[in-house]
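Written below as C-alpha cells is the structure these notes are about.
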Amino acid sequence: MSKGLKVRAFNFFSNLKFALKRRERRDPNIILLTALMALTQSIVLLPVRLGGRISGIPRPLKENKKVGVGVRLLFKVLREKKMSRKNSLPEVLIGSIYGRSIAIDKKQSIYQQATKNRHLIKQQR
C-alpha cells in the first residue's frame, strides 16, 4: 500500500473489529479467523476455452493461497451484490460462521461447478 492508504486500511480494519465485537460480543479476532476459515476454498476453477466456450477446469489450491482466494471471494460477493462494505461486511462474516452467508452460497456453487466439470480434467492433460 502506498500514498497514505495504510492509515485508511488500518481504520477500516479497526472499524470492522469494533463492529464485529459490538454484534457478537466476543473476541473479534476469533470471529474473523473463524469466518476466513469457513470461506477458504481448496479448489479453484481455471477458465479454459474448449469448443468455442469458456469452461472452468477445477484445480487444487496451494496451502498458502487458500486464505487470499477466500478474501477475494468475500469482496467479490460484496461487490456483485452492491453492498456497502461498512455495514454488510460484519454481517457476511458473522453469517459465514453460522453457514448462512452469501459468500458460503458462492463457495458451494463453485464446488458444484467443479464437480460438474471433473471430466474436463482428463481432456486438459
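Each peptide in 31-39, 18-26, 88-96, 46-54 was scored by the mean count of other Cβ atoms within 10 Å over its residues; highest first, the order is 88-96, 31-39, 18-26, 46-54. Residue pairs exceeding 26 angstrom between C-alpha atoms, taken from Lys65/Lys107; Lys76/Lys122; Lys21/Lys62; Lys3/Lys66; Lys62/Lys107: Lys76/Lys122; Lys21/Lys62; Lys3/Lys66. Taking a point 7 Å out from the Cα of Gln108 in the direction of its Cβ, the residues of region 87-101 whose backbone N falls within less than 19 Å of it are 91-101. Rounded to two decimals, the Cα-based Rg/Rh of region 1-86, with Kirkwood Rh, is 1.08. Using Cβ point charges alone (K and R +1, D and E -1), the dipole size of region 5-124 about the Cα centre works out to roughly 280 debye. With θ taken as phi - 60° and the Karplus curve 6.51 cos²θ - 1.76 cosθ + 1.60 applied, the whole-hertz 3J(HN,Hα) list for region 53-62 is 9, 9, 10, x, 9, x, 9, x, 9, 6 Hz, x standing for glycine and proline. Once the Cα atoms are used to define both axes, helix 5-24 deviates from the longest principal axis of the chain by about 80 degrees.
Compared with the dominant Cα axis of the chain, that is its longest principal axis, helix 102-116 is turned about 10°. Ordering Ser55, Leu20, Ile102 by the projection of their Cα atoms onto the charge dipole of region 5-124, which places +1 on the Cβ of Lys and Arg and -1 on the Cβ of Asp and Glu, puts Ser55 at the extreme positive end.
Where a number appears in this text, it was derived from the coordinates with a stated rule and is not lab data. The shown structure was predicted, so the numbers you read here are calculated from the model rather than taken from an experiment. Note that we place each Cβ from the backbone using ideal geometry, even for glycine, and neighbour counts take in every protein chain shown.
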